[in-house]
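So the structure is just underneath, and the comments pick up after that.
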Amino acid sequence: MNARCSVIAISLLLAGAVAQAGELDAAACPSAYEAGMLLTVPLTLPAAVDLALCRNAQVHGAWAGIRLQAAGLGEAKAAFLPTLNAGLGRVHDRTAYPGASTPSGSLNSNTGSLNLSWRLFDFGGRAAGQRSAQALLDAALANRDAVLQKTLAATVSAYFEAQTARANVRMREEYQALANETVLATQRRAQRGLGSHSDTLQATSALAKAALGASRADGEFQKARAVLVYTLGLPAEADVVLDDDAAESAAGLRDGLQDELHTWLALAQERHPAIVAAQAQLAAARERVAVTESEGRPSIDLTANIYQNGRPNQGLSAASTRETLVGISLNIPLFDGFARHYKVRGALAQAGQREAEAQDVKQQTLMELVKTHAEASTALANLTASQTWLDAARDAQTSVQRKFGLGAADILEMLNTQSALLEAQQERIRCQAEWRSARLRLLASAGVLGREAIPGR
């Protein structure tokens, strides 16, 4: 993967970095994916995540929001600095005396001015404005984290769904091969006089059913792969070759799931992007109250001006001049028709609204986390039970197949064990998919879904 894109995606995924840290750029993504390398190179899950983060439009929109708030923070900081303006001009001054014998006169001169203005004191309005801008930038960073997590979740989910569909295809193909072996076995038994023609017909019917199931499974896989292509932002005609299932250690998959629920809740309150963004919005609203209140209080400004050959848009004198002015002014707002009072009340109401929203976001996030923690624990238990069921079904099928070959079992017993094995395999695949989904939702609900949680990293 391109170094710039991968490094930014890794280091900034869940870090509280400043807006100037960098930007995901679609142009920086590897052109190999667009050149058709996916036709021959298997697409691993980490590579799919890199590609989705580089090409997702919502990710680029989140970075644009960070740049916007970073510019607002810079503007707030600029309020502490003086402003300096300069002007240059060429002036032609002609004076006439109508009705008098005095001849008219004219002067030509170059004029210049330099003006300095600096606010020295304003009862904390500028400081509150800077804190408000910083809080809005923090909210934009949290929103970026939320967008990245959403993109990660969608990508991982689409990838796992495609893998699950492919596993179902392989399982159906194995079942079809097993059904074909059963047909051949019934034919051999019939030739030895150990079976009837009806046994062969039943086995052939089971083979046709297995072929139909394999065809449907392949169709579901093609749809899942198309969804994955769309999620990655690739052209619709791109042919994605999935990588083989990564060797996921059981311990690695189960890390953290045995933690107490209160540990997950504490982690979510600290790191979940939705909660962090809502709290930052609340802090910004409270600082806006201070900014609004300071606008109705006195302020002190320092001004300095230098004029060369007169002031702008004024007459010229015959001699060259230079005028220097330095002053300190105290501005005291006295009455504005109660407009300031209502602006403060509006800012307070907005802060109250943000506080209610932050509390609601926190409650909903923690409630969702409690539900997903329970679902993940159940899915983990089901995963173990499904493996036990599958092992037992395989042993039973192997035993009956051996007995069938020796003539000690009939066709119904053989077909029943095959159906039981198929059911166990389907349940195993279903439990694996449910476990992957539940684990993904748990990490997302806690706000800690990152690249380090992706198998293969």
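The values are calculated or read from the model by the stated rules, or taken from the named source; none is laboratory data. Please read these numbers as outputs of a predicted model, since none were measured by experiment. When we count neighbours, we look across all protein chains shown, and the Cβ atoms used for this are built from the backbone with ideal geometry, even at glycine. Calculation scope for accessible area: heavy atoms of the full protein, side chains included, ligands and nucleic acids excluded. Shrake-Rupley method; radii C 1.70, N 1.55, O 1.52, S 1.80 Å.
None of 385, 409, 347 is farther than 22 Å from residue 261 by Cβ and not in a helix (DSSP H, G or I) except 409. Hydrophobic (A, V, I, L, M, F, W, C) and in a loop (DSSP other than H, G, I, E, B): does that describe residue 325? Against the criterion (hydrophobic (A, V, I, L, M, F, W, C) and in a loop (DSSP other than H, G, I, E, B)), residue 325 does not qualify.
Table: residues versus (1) of a type in the set (S, T, N, Q); (2) at pLDDT below 85.
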{"site": "142", "(1), (2)": "no, no"}
{"site": "168", "(1), (2)": "yes, no"}
{"site": "175", "(1), (2)": "no, no"}
{"site": "180", "(1), (2)": "yes, no"}
{"site": "200", "(1), (2)": "yes, yes"}
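Restrict the check to segment 435-455 and report whether at least one residue is small (Gly, Ala, Ser) and more than 30 Å from residue 148 (Cα to Cα). There is no residue in segment 435-455 that is small (Gly, Ala, Ser) and more than 30 Å from residue 148 (Cα to Cα). Scanning segment 440-449 finds no residues that are of a type outside the set (Phe, Trp, Tyr), in a helix (DSSP H, G or I), on the phi < 0 side of the Ramachandran plot and surrounded by fewer than 18 Cβ atoms within 10 Å (Cβ to Cβ).
What residue, among those in segment 246-297 that are part of a helix (DSSP H, G or I) and hydroxyl-bearing (Ser, Thr, Tyr), is modelled with the lowest pLDDT? The extreme case among them is 263.
Would you mind finding the one in 384, 372 that is more than 30 Å from residue 110 (Cα to Cα), of a type outside the set (A, V, I, L, M), touching a residue at least 40 places away in the same chain (Cβ under 8 Å) and surrounded by 11 or more Cβ atoms within 10 Å (Cβ to Cβ)?
372
Of all residues in segment 276-298, at least one satisfies being in contact (Cβ under 8 Å) with a residue 60 or more places away in the chain, more than 43 Å from the chain's Cα centre (by Cα) and either at negative phi or buried (at least 18 other Cβ atoms within 10 Å of the Cβ) (or both).
No other residue among 146, 57, 62, 153 is touching a Pro at 6+ places or on another chain (Cβ under 6 Å) and farther than 30 Å from residue 295 by Cβ apart from 146. When segment 78-100 is limited to residues that are open to solvent by 100 Å² or more (accessible area, probe 1.4 Å), within 27 Å of residue 303 (Cβ to Cβ) and not in a loop (DSSP other than H, G, I, E, B), the one that is modelled with the lowest pLDDT turns out to be 90.
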